[in-house]
Structure formats: C-alpha cells, structure tokens
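Novice: Just passing along the structure, written as structure tokens.
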Amino acid sequence: MSRVAIVTGGTRGIGAAISSALNATDCKVAATYAGNDEAAKAFTDETGIAAYKWDVSDFQACADGVAKVEADLGPVDIVINNAGITRDGVLHKMAEEQWSAVISTNLDSCFNMSRAVIEGMRERGFGRIVNISSINGQKGQMGQVNYSAAKAGVIGFTKALAQEGARKGITVNCICPGYINTDMVAAVPQNVLDTIIAGIPVGRLGEANEIADAVVYLTRDNAGFVTGSVMTVNGGQYMANG
C-alpha cells in the first residue's frame, strides 16, 4: 500500500534526503519549501518529487497546503516536521524577531502541520509523525537560546502527542541529529568546524542519508510499537536517555 508523506523543508539538506528516501519506499511524497524556488525546481527535476511552497509557521497556510496535497495525492499518512531556521545570537543581544522567527518556524510548525492531519489520521486509524529536533535541543548551545528552546519544545511536543495518538494507530517520534554534512554546517568557519569534529567520538560529521534512514524506519507500517521515542543520531557527541 502506497502511503502519502509530507516532508517540510523537504527540498534541501536533510529534508531532501528524507524526501528521496521515502520516495524510494514507494511513498507518494510532497516536499514543502519556504522560498528558494530555484532549489525546489532543481530538486523536483532531479527526483520527480512534487514540491509545494508554503510558510510552515502560518497555521492557515499549513491547513491550505495539506488540503492541496490531499487533493493531489490522497490522504496524508506520514508527516515529517523537518523545516527549521537559525537566527543565532547571545540572549543579551538578541532581538525579539530573532526569537519569534525561530520559535514560529521550528516549533509552531509542528503544531500547525500535525493539527492539519491529526483528525484524518485518527479517523483512518493510522499515522506516522516524525519531528526533527536537534542535539542542541537536548544539551543547549551558547548563542542559540531560541533554537535550543524550540528544539527542546519539539521533544516535549513529541512525547505528549505520542500519548494522545497511541490508541488510534498514530505514532509520534523524534530524531535529534548532531552535526550533519549540509550546506548550513559547511558555512561554519573551518577552524570552528575542526573543533566540532574533534568533539564527535566517531570523528566525522553525519550524513543526511543517515538521518533519512532513521526516518524511514519510524514511518514503516511495522514500526507501530515505537512511539514517544527520542532517537539521537549524533556520532556519540551527546548521549541522553531521551
């Protein structure tokens, strides 16, 4: 049975890897993006995966976007809440916009997207929601109080919603990537990146496909006993119980 999946922030980086991995499992995938039309077109041209443009921090845009995907592909079975931004800065110099933009895009989006699909999932007795948090949502990071707070909130959101959906066949899980070899990490100055890698026990950055493979497992029909989990994929850089 072919499942319909939405991957937010799904045309670049980790999101693109997740979209492609789900597509390879015979899912019908819709990849959302916020503003980079050129990158989205290149992704669709390369993979054949449809890209949909909307702002995941906007509740109504998510409701309308999900409705469009369902009209095109069918009822949504899987949602990967991956979209995220950074607006780094120490708190005593952080503008309100830096805080609110990150909270809206990284945390509010999980509510917006999940709320748009949860009733249908409950009616059909099946759903898979995977939220992409971060190592910095587990341990915190200087200069990222906004990002760390949002990503920590994603973990709490996951555990609460998992309890609500469990008896309706809906699993809700969370993945906390460490430092992954993406364009965002590549922009870090080399001397800083060297210091980061030195602190990773496996001695390298992660790859986007390693996160995607974890997502694929959590979205399988036979993964129904795994819910409320927090999976760390960080090369041993930070070890937590959940």
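No lab work stands behind these numbers, since they all come straight from the coordinates. Nothing here was measured: the structure is a model prediction, and the numbers come from that model. With ideal geometry, Cβ positions are generated from the backbone for all residues, glycine too; neighbour counts draw on all protein chains shown.
Novice: I'd like the full set of residues that are part of a loop (DSSP other than H, G, I, E, B) and surrounded by 15 or more Cβ atoms within 10 Å (Cβ to Cβ), limited to the stretch 191-206.
Specialist: Across the stretch 191-206, the qualifying residues are ILE200, LEU205.
Novice: Looking only at the stretch 53-75, how many residues end up being in contact with a Phe, Trp or Tyr (Cβ under 8 Å, 6 or more places away or on another chain) and either basic (Lys, Arg) or surrounded by 19 or more Cβ atoms within 10 Å (Cβ to Cβ) (or both)?
Specialist: 5
Novice: Output the number of the condition that ALA160 fails; it satisfies all remaining conditions of (1) of a type in the set (Gly, Ala, Ser); (2) closer than 24 Å to MET113 by Cβ; (3) part of a loop (DSSP other than H, G, I, E, B).
Specialist: Checking ALA160 against (1) of a type in the set (Gly, Ala, Ser); (2) closer than 24 Å to MET113 by Cβ; (3) part of a loop (DSSP other than H, G, I, E, B), the one that fails is (3).
Novice: Look at GLY127 and say whether it is touching a Gly at 6+ places or on another chain (Cβ under 7 Å) and among the small types (Gly, Ala, Ser).
Specialist: yes
Novice: Within the stretch 116-128, is there a residue that is within 15 Å of the chain's Cα centre (by Cα), assigned to a helix (DSSP H, G or I) and basic (Lys, Arg)?
Specialist: No - not one qualifying residue is present in the stretch 116-128.
Novice: Here's something else I'd like to know. Would you tally the residues in the stretch 121-162 being touching a residue at least 60 places away in the same chain (Cβ under 8 Å) and in contact with a Pro (Cβ under 9 Å, 6 or more places away or on another chain)?
Specialist: 3
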